[in-house]
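The values are calculated or read from the model by the stated rules, or taken from the named source; none is laboratory data. Keep in mind that this is a model prediction, so the values were computed, not measured. Using ideal geometry, Cβ is built from the backbone for each residue, glycine included, and neighbour counts are taken over all protein chains shown. Accessible surface areas use protein heavy atoms only, side chains included; no ligands, DNA or RNA. Shrake-Rupley method; radii C 1.70, N 1.55, O 1.52, S 1.80 Å.
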Amino acid sequence: MAFELPPLPYAYDALEPYMSSQTLHLHHDKHHQTYVTNLNNLTKDSPLANASLEEVIKQSVGDASKVGLFNNAGQVWNHTFYWQCMKKNGGGAIPGELEKRIVDAFGSVDKFKEEFSQAAITQFGSGWAWLYLDGDTLKIGKTGNADTPLAHGHKPLLTVDVWEHAYYVDYQNRRADFVKAFMDSLIDWEFVAQQLKA
């Protein structure tokens, strides 16, 4: 059962002007596809050939002999999740229950946005910023390279990709501007709220 590149949940130009069609073509069709191809090559004819993406991540995390496997599986999962965290005309109001949980955990929506943005901006090198559940507690964190809260028993709710290929075409070295656009105009809060209930 080969892994496949899932289609984007929107048109390539749906996120403009905050994320260009060119970025989505490069990021989804080239980078994400490469991770899928590599993962299929690494799992072919192995005991993990029929495993789910989540199983591959959990069985390869922390194993020095399976670093390539973990990196590619993590990136396939992270990217698939990331695309779903955005939508056309994103941002705006946060659904009630999720907003309440965010305020309870971080003090206010503004404080949450500030802490999440700071995690994304200060992630050194390539990686991700996350809102996730640790048990029943909402937390903000960041991971390097292909790492993901999923690998550590946590439940991701929201992520932003801060690898340079996620924003360089549109924002060059201005990661903070990209993160602001993501926070203000791209997040699909309904999707995030669904993860809380799932």
- line: Pairs returned, first residue in region 179-198 that is over 12 Å from Leu98 (Cα atoms), second residue that is part of a helix (DSSP H, G or I) and aliphatic (A, V, I, L, M), beta-carbon separation under 8 angstrom, 6 or more apart or interchain, are Val179/Ala120; Val179/Ile121; Phe182/Ala120
Matching option when the condition is touching a strand residue (DSSP E or B) at 6+ places or on another chain (Cβ under 9 Å), touching a residue at least 24 places away in the same chain (Cβ under 8 Å) and of a type in the set (D, E, K, R), among Lys58, Lys87: Lys87
Elements of type strands (runs of 3 or more DSSP E) in region 83-189, at least 1 residues being open to solvent by 40 Å² or more (accessible area, probe 1.4 Å) and within 28 Å of Tyr12 (Cβ to Cβ): 137-144
Where a residue in region 68-79 is among the small types (Gly, Ala, Ser) and its partner, wherever it lies, is part of a helix (DSSP H, G or I) and at pLDDT 95 or above, with Cβ under 7 Å and at least six apart: Gly68/Leu42; Ala73/Leu39; Ala73/Leu53; Ala73/Val56; Ala73/Ile57; Ala73/Ser60; Gly74/Ile57; Gly74/Ala151
task: Output the qualifying pairs, or none if there are none: Cβ atoms under 6 angstrom, residues six or more apart or on different chains, first residue in region 90-119 and closer than 22 Å to Asp161 by Cα, second residue surrounded by 17 or more Cβ atoms within 10 Å (Cβ to Cβ) and of a type in the set (Lys, Arg).
output: Ala119/Lys142
